[in-house]
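Taking it in order: structure first as structure tokens, then the write-up.
Just so it is clear, none of the values below were taken in a lab; they were calculated from the coordinates. Just so it is clear, the model here is predicted, and its values are computed rather than measured. Backbone-built Cβ (ideal geometry, glycine too); neighbour counts: all protein chains shown.
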Amino acid sequence: MNAYTSDKQFSRLLYTSALDIECCGEKPAETVRRIAEGAAEQNRLSDLTGSLLFVNGVFIQILEGPQDEVEKAFERICCDFRHVDVRLIDLINVSERLFEGWNMAFLSDDEMSSLALGDELQEIQFLAGVNASQATLQMRSLLDNHSAASKA
């Protein structure tokens, strides 16, 4: 066992929301980057791990950790005026983390993204609406592939 696995139960939550562009007052990419950075710090303090994707103006996020901390984080997101059309897609109990080591992994379809990455993000966006479990596994696989490519 390590710091991310134990005999206690964790929760894993998957939600989607849209960025309220009218409230930002800046470029959406800057707002999204600030949201991701803030989430990473808050998650570190709350013993949460996960992934945040931003594609076609939509956030797709997985949070995992102690159930009470996952619920608090989701409540903060629901109250954040930058998020609209918040939809809880999946909430399950798990015995170990799938996104260990990532307080908040972040990928976006911004102008710096490759065409292949954009296609993969769109596939995950589709899967989030039809098969949460598969979307979660695809997110993890994408992060693994992206991490390996950036190290090469």
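Here are a few things to note about the model shown:
- In whole angstrom, the chain maps to an equivalent ellipsoid with semi-axes of 23, 19, 15, each derived as √(5λ) from the alpha carbon gyration tensor and ordered largest first.
- Kirkwood estimate for the range 63-121, i.e. one over the average of 1/r between Cα atoms, Å: 14.0 Å
- Considering only Gln125, Leu52, Leu63, and ranking their Cα positions along the charge dipole of the range 5-151 that arises from unit charges at the beta-carbon of Lys, Arg, Asp and Glu, the one farthest toward the positive end is Leu63.
- Amide H contacts of Ser11 (H built 1.01 Å from N, in plane; Pro and chain starts excluded): Gly65, Gln67, Val94 sit under 5 Å, all sequence-distant by 5 or more or on other chains.
- For Ser108, distant residues with modelled amide H under 5 Å away: Phe54
- Potential lengthening between Val130 and Ala29 on full extension [0.36 nm per residue; Cα-Cα distance subtracted]: 33.7 nm
- Helices assigned as whole DSSP H runs in the chain whose Cα atoms extend at least 27 Å along their own long axis and whose mean Kyte-Doolittle hydropathy is -0.5 or higher are found at 132-151.
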